[in-house]
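Below is one structure, written out as structure tokens; the observations come after it.
Nothing in this text is a laboratory measurement; each read-out follows from the coordinates by a stated rule. Keep in mind the model is a prediction, meaning the values are calculated, not measured. We place every Cβ from the backbone using ideal geometry, glycine too, and count neighbours over all the protein chains shown.
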Amino acid sequence: MLREVDVSSFVSSYISFSPTGDLLIMSRIDEVRGKLAVVKVPSMEEKLSTEFTFPKSQKKHAFDEIIAFDADGSFLAFGLGKEIHVWDINSGKEIVLTPSDNDVSGIVFNPIDGTGISIHKNIISFWDKSGRVFSESIVVAATSISNPLVTSDGAFLLLQASTEVLIIDLEIGLEVGRINMDDPIYSVNLSQDDEYIAVGSTFGSVRVFVWKPDNLINDACSRITRNLTFAEWALYFRDEAYRATCPNLPIEPEITITPTP
């Protein structure tokens, strides 16, 4: 064992390494108060810390869902009620912003451009590390959402709703898909290559989904034996030019009439 930090005065504690692995974040929680600390690894020397009282509206057991490092571990953000606290790890500077009138239920940073993304009931807000809140926000058709995940290319945002996973295209700012579960969802996660979404339900089932359009097409093409016929294509795509959805599969041959001599 390298070092030990005593957290016995608190009911529970949450720990997570920074993306670079040289920092460890710890949140220590009791019934009315909490402490958030960032320590160096492996010395366990405290670099930053703050103590706070939980807003009455905040669910203490979900505090770990509203803590996030940016991609290079230089900024840390956490939510307290309606407030988002953003720390510059290197300078120790802290800014506080309030993007919404609703409590924060999730925080994540876009790994490509560093934009902060926060969840407030059914509203998605965007802000930068200087504290500037962007005027654009996204409202989704769900009672409440949480557990935001951004794909490694910064293109898509995944959100956990009651029995669904929402897929948001961040470039166009619109919901482009949903994954439906029969039971209430307990957890959602992405594979490291973003190819699969794993969804766990409160009743013990875990399902893994292929979700990207190209991967869905490839998966479908591996299960079927032909492309659409010309009649089927005309029925579903009307005036759109015919093409082979699965290039490796045969298409219906065109019928040509040969005149009788």
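For GLU164, GLU94, what's the fewest-to-most ordering of other Cβ within 10 Å of each Cβ? Present the calculation step by step, with values, prior to reporting the outcome.
Details: GLU164 17, GLU94 13.
With the sparsest Cβ surroundings first, the list reads GLU94, GLU164.
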Amide H to amide H under 5 Å from SER105: which residues, 5+ apart in sequence or cross-chain, H placed 1.01 Å off N in plane?
ILE119, HIS120, LYS121
Could you give each residue of segment 136-149 its phi-based ³J(HN,Hα) in whole Hz, using Karplus coefficients 6.51, -1.76, 1.60 with θ = phi - 60°, and x for Gly or Pro?
6, 9, 10, 10, 10, 7, 7, 5, 7, 9, 7, 6, x, 10
Would you mind checking which residues have amide H under 5 Å from TYR186's amide H? H placed 1.01 Å from N; only 5 or more apart, or other chain.
GLY200, SER201, THR202
Sequence-distant residues sharing a close amide H with PHE75 (under 5 Å, placed H):
ASP70, ILE89
Considering lysine pairs in the chain that are 8 or more places apart or on different chains, how many have Cα atoms under 16 Å apart?
10
Going highest first, how would you order 74-87, 37-50 by mean Cβ packing within 10 Å?
74-87, 37-50
Checked against the structure, the computed Rg/Rh (Cα atoms, Kirkwood Rh) among (i) 1.34; (ii) 0.95; (iii) 1.13 is the one labelled (iii)
List, in order, the whole-Hz ³J(HN,Hα) value for each residue of segment 104-121 obtained from phi through the Karplus relation with A = 6.51, B = -1.76, C = 1.60 and θ = phi - 60°; use x for Gly and Pro.
7, 10, x, 9, 8, 9, 5, x, 8, 10, x, 4, x, 10, 10, 10, 9, 6
Hey, got a sec? Which chymotrypsin sites (Phe, Trp or Tyr not before Pro) in segment 198-239 land in a DSSP loop and have at most 14 other Cβ atoms within 10 Å?
PHE203
How long is the gain from ASN218 to LEU174 if the chain were fully straight, where each residue apart is worth 0.36 nm and the alpha carbon distance is subtracted?
13.4 nm
Residue by residue, what Karplus-based ³J(HN,Hα) values in Hz, rounded to whole numbers, does segment 229-237 have, using 6.51, -1.76 and 1.60 with θ = phi - 60° and x for Gly and Pro?
6, 5, 5, 5, 4, 4, 5, 9, 10
